[in-house]
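Step one of this worksheet: look at the structure below.
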Amino acid sequence: MATVLLVGLENVRHKGETRYATPPLGLAGLAAFAREKRPKKDTFVIIDEAAKPLLPDQWTERLAAINPDIICISALTTDSSALAKKVALFKHLLPETPIVVGGPHATALGTRLLENPGIDYIVAGEGELGFVGLLDALEKGDRYPENPISGLKFVRPDGSIHKNPPNKELLDVNTLPFPAWDLIPFEDYSSLARMTPSQIGGFYAPIMTSRGCPFHCIYCHDVFGSKFRAMKPMRVIEHIEHLINQFGIADFEIIDDIFNLDYNRALEICRLIQERGLKIRFSFPNGLRTDLLDKRLIHELAQAGAYHIAFAVETGSNRLQKSIKKNLDLEKVRQNIACAAEEGIFTWGFFMIGFPDESKEQIKKTLDFAFSSKLHGAFFFLVVPFPGTALAKQCLSEDEALCAASDISYFIAENSLSQLNPKELSRMQTMAFLRFFLNPLRMARIGRDYPGGWAALITKAINLFKYLIWIKTRRVTVH
């Protein structure tokens with residue numbers, strides 16, 4: 001029986017940022033899939049440093065107690081520095097234990113990650129098939145499996161690279177087992193910041209009801225492919241009821257790429273929640289195509305328990321909407337924001353400034369959209385050309401993209417792809433936050449509608465403005 005250690009990395013934080021962590025849905029999903037395909041063959045342990053970081057001495061004790069046969073690490077590109085340090089530590093403590101890296105970073109960088117001699121394998125794309133295929137090979141003593149295992153890449157003993165393309169066989173999401181939630185200590189996450197800014201506190205779980213997105217936004221990673229694969233409404237309800245009955249969870253973050261691409265499916269999920277009398281609350285921290293919403297669907301979402309919707313607008317410029325391949329109907333989005341706010345849903349906007357060759361006038365269009373909207377809250381992100389994205393390929397070399405994305409912050413301007421220099425971009429971002437949140441009418445609506453209560457709201461406000469002050473005083477390096 002193999003002991004498999006699944007590791008989540010600590011999120012990069014800068015001064016003023018609160019600790020952020022969400023229960024690791026991906027790691028729990030891998031464990032559940034392997035349990036189903038390899039019954040009683042493996043023991044799984046999840047350690048998520050995003051929730052509880054460990055010091056090197058603590059890792060020494062934990063690894064000695066667990067004695068893993070394989071270590072699997074999930075990483076974002078922003079985790080690249082933490083990943084390198086963790087791999088070095090693990091190889092120092094357990095030099096013969098294979099280390100596997102998966103997640104968006106492995107998908108984006110591919111074989112470049114194997115330049116780190118401590119990384120034995122990477123699994124790119126949708127991870128379940130590659131993960132189980134590797135476990136099967138290692139069980140047979142085959143450290144260098146030549147058979148086609150989805151997304152698996154490694155360096156052969158002769159120095160050549162074996163690589164299989166990811167996602168050639170896409171899974172039917174209706175056949176996937178529920179994630180191994182028994183491996184997750186939900187209490188570790190209840191007091192931490194989560195993806196939903198207007199959190200209400202307490203136990204919660206992230207769920208994914210579909211995979212894939214047919215849109216091709218140039219700044220976005222492609223982990224699950226472009227084919228939309230959705231769970232049937234009843235399967236979604238069964239997962240929700242499983243979490244309610246087995247773990248007492250009644251608060252959910254729906255983290256699909258595009259939950260509402262199938263309009264009738266979204267309506268049916270809402271109908272079933274109400275029909276079955278499920279007293280739940282749920283948020284969409286990133287999972288909706290907001291110009292595909294309408295008054296009817298927004299109403300049904302609110303009736304079913306939706307309390308927060310993120311509107312990923314990105315830019316208020318129609319020209320940039322086309323060039324970044326987002327192609328939102330901005331007027332429809334504006335109407336849906338107002339409709340959601342009227343339904344009592346806390347609305348949050350995502351905006352990006354600093355796109356390639358973006359002018360000051362185009363940035364102002366984005367900010368004017370935010371200022372004139374009925375949004376309760378907003379983030380104004382700096383554009384980051386992550387490796388593996390069309391944006392990075394368009395404007396940077398691989399080395400430049402990797403350097404730009406290592407331990408970055410969406411709120412600190414170190415360089416600029418736009419017509420503005422980093423200092424000007426940083427000034428506009430800070431101004432955007434201040435003007436948006438200091439609007440008296442908006443402040444009144446936030447106080448009236450914030451779902452987490454006054455104490456949580458005050459804490460959020462203090463942290464936001466402390467962070468903005470730090471950004472303002474931080475020296476900006478102009479490249």
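Bear in mind that the values in this text are calculations on the coordinates, not laboratory data. Predicted model, so just to flag it, every value in this text is computed and none were measured. Cβ placement follows ideal geometry from the backbone for every residue including glycine, while neighbour counts extend to all protein chains displayed.
The figures follow:
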item: Cα centre as origin, Lys/Arg/Asp/Glu Cβ charges: the range 333-376 dipole, Debye; result: 80
item: Ordering of 107-120, 39-52 by packing [mean C-beta count within 10 Å, highest first]; result: 107-120, 39-52
item: Of K163/K326; K232/K332; K325/K460; K326/K364; K163/K393, pairs whose Cα-Cα distance is over 29 Å; result: K163/K326; K325/K460
item: Span from the the range 282-297 Cα centroid across to the the range 358-389 one, whole angstrom; result: 19
item: Cross-link partners of K41 among lysines (Cα-Cα below 24 Å; sequence separation of 8 or more within a chain); result: K140, K153
item: In the range 266-302, the trypsin sites (Lys or Arg not before Pro) that fall in loop regions by DSSP, at most 16 other Cβ within 10 Å; result: R276, K279
item: Quotient of Cα Rg and 2.2 N^0.38 Å for the range 207-333, N being how many residues it contains; result: 1.09
item: Among beta bridges that DSSP assigns inside the chain, antiparallel share in %, nearest 5; result: 15
item: Amide hydrogen neighbours beyond the local backbone of I46, cut-off 5 Å, H modeled; result: L6
item: Helix-derived mean residue ellipticity, 222 nm - over the chain, DSSP H n ≥ 4, -39500 (n - 2.57), to 500; result: -12000 deg cm²/dmol
item: Dipole in debye (nearest 20) - the chain, about Cα centre, beta carbon charges: Lys, Arg +1; Asp, Glu -1; result: 1320
item: Ellipsoid equivalent to the range 194-473 - semi-axes via the Cα gyration tensor, in Å; result: 31, 23, 18
item: Taking V7, V87 and counting other C-beta atoms within 10 Å, the order from fewest to most; result: V87, V7
item: Charge-dipole axis of the chain as Lys and Arg at +1 and Asp and Glu at -1 on Cβ define it, positive-most pick from G344, L129, G388; result: G344
item: Neighbourhood net charge (13 Å Cβ-Cβ; Lys/Arg +1, Asp/Glu -1) for R448; result: +1
item: About the Cα centre, charge dipole magnitude for the range 182-291 (Lys/Arg +1, Asp/Glu -1 at Cβ), debye; result: 320
